[in-house]
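The values are calculated or read from the model by the stated rules, or taken from the named source; none is laboratory data. Note that the coordinates shown come from a computational prediction; the quantities given were computed from them, not determined experimentally. In this analysis, Cβ positions are derived from the backbone assuming ideal geometry, glycine residues included, and neighbour counts consider all displayed protein chains.
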Amino acid sequence: MGDHVTIYEVGPRDGLQNEKTLIATEDKIRLVNDLTACGFQKIEVTSFVSPKWVPQMADATEVLEGIDRAAGVTYAALTPNLKGFDRARHARADEVAIFAAATEGFSKANINCTIDESLARFEPVVKAAQDAGISVRGCVSVITDCPYDGPVDPATVVRVAKALAEMGCHEVGLADTIGAATPEKIAIVLDAVLQELPAELLSGHFHDTNGRALDNIEVSLQKGIRLFDSAIGGLGGCPYAPGATGNVATEAVVERVTELGYDTGLDAHKLRDVAVFARGLRG
């Protein structure tokens, strides 16, 4: 096998957050445990956000405290503010994630503030995480196309990505949040970001709205990216990204990168079984 590609499984959080029917806490715990058994090194388990805005994540503490943890696996949670971080820390999150946007329109819709205000809001979260010995993952949403502001200037993506890295994020994810990117657009934005940040610091997050996610991953591989988000069974969307369908399916990503000669360390047979269970959680 060639280079190793790491798959960051985001199904339990990004995949389930938009489901209207509330999913039983025990089913969420089972999903995470089953994913652990597949061999994932990184799993985004839940989100410590207001239940008023994302009711599906109201049981975040119970899920994170209820999973069976395996040595060497990072169990992460989304924490948009200090209150969320404190809850995640008490529930023993190994890593926390913060999400900024590359457009003012999406930033306002998603977290009700400007880009610069969001970055200022994240600084105390990163500081608190560093003090607690918890790693922080940053993410830049809508890197090529925004449902509110249209085409995105790559220079803005670079600015936000650099700010997250300089703030102390050990990794910066670049997200095609609405699945409108093409390989050509991804190549342009990656070329811009890679002038300022190394490929080892970056990850890719692609939705499959237009059926181009696997192609976008392939061009990202060509640019040196070796870490990608995906959701088991293709679960997911975003409540603040109109038109966005699911994240690219983990099992499809594993199949594609394996065909290209990369090793993921994941059990493809177990993945298929877990994908069936995951899709069954949809309302």
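Output the residues belonging to the stretch 254-275 that are among the β-branched types (Val, Ile, Thr) and out of contact with any Asp or Glu (no Cβ under 9 Å at 6 or more places or on another chain). Write out each step before concluding.
From the stretch 254-275, those among the β-branched types (Val, Ile, Thr) are 254, 257-258, 264, 274; that's our starting set.
Those that are among the β-branched types (Val, Ile, Thr) and out of contact with any Asp or Glu (no Cβ under 9 Å at 6 or more places or on another chain): VAL254, THR258, THR264.
For the stretch 146-239, the strands (runs of 3 or more DSSP E) that sit wholly inside it and include 1 or more residues that are of a type in the set (Ser, Thr, Tyr) are 202-206, 227-230.
For the stretch 41-139, give me every one of the helices (runs of 4 or more DSSP H) that falls completely inside it and has 1 or more residues that are of a type in the set (Phe, Trp, Tyr), touching a residue at least 24 places away in the same chain (Cβ under 8 Å) and surrounded by 19 or more Cβ atoms within 10 Å (Cβ to Cβ). Explain how you work it out, then say what you get.
On the way: elements: 60-66, 82-90, 104-111, 115-132.
Ranges flagged: 82-90, 104-111, 115-132.
What's the number of the condition LEU190 fails, among (1) farther than 21 Å from PRO80 by Cα; (2) within 17 Å of the chain's Cα centre (by Cα); (3) of a type in the set (A, V, I, L, M, F, W, C)? Condition (2) is where LEU190 drops out. Annotation: of all residues in the stretch 1-21 being modelled with pLDDT of 95 or more and assigned to a loop (DSSP other than H, G, I, E, B), the one that is surrounded by the most Cβ atoms within 10 Å (Cβ to Cβ) is VAL10.
Determine if the stretch 232-241 includes at least one residue that is of a type in the set (Phe, Trp, Tyr) and modelled with pLDDT under 95.
Pass one, the stretch 232-241, residues of a type in the set (Phe, Trp, Tyr): 240.
Among the residues that remain, those that are also modelled with pLDDT under 95 are: 240.
Checked the stretch 232-241: at least one residue is of a type in the set (Phe, Trp, Tyr) and modelled with pLDDT under 95.
In the condition set (1) modelled with pLDDT under 95; (2) touching a Pro at 6+ places or on another chain (Cβ under 8 Å), LEU82 is compliant with all but (1).
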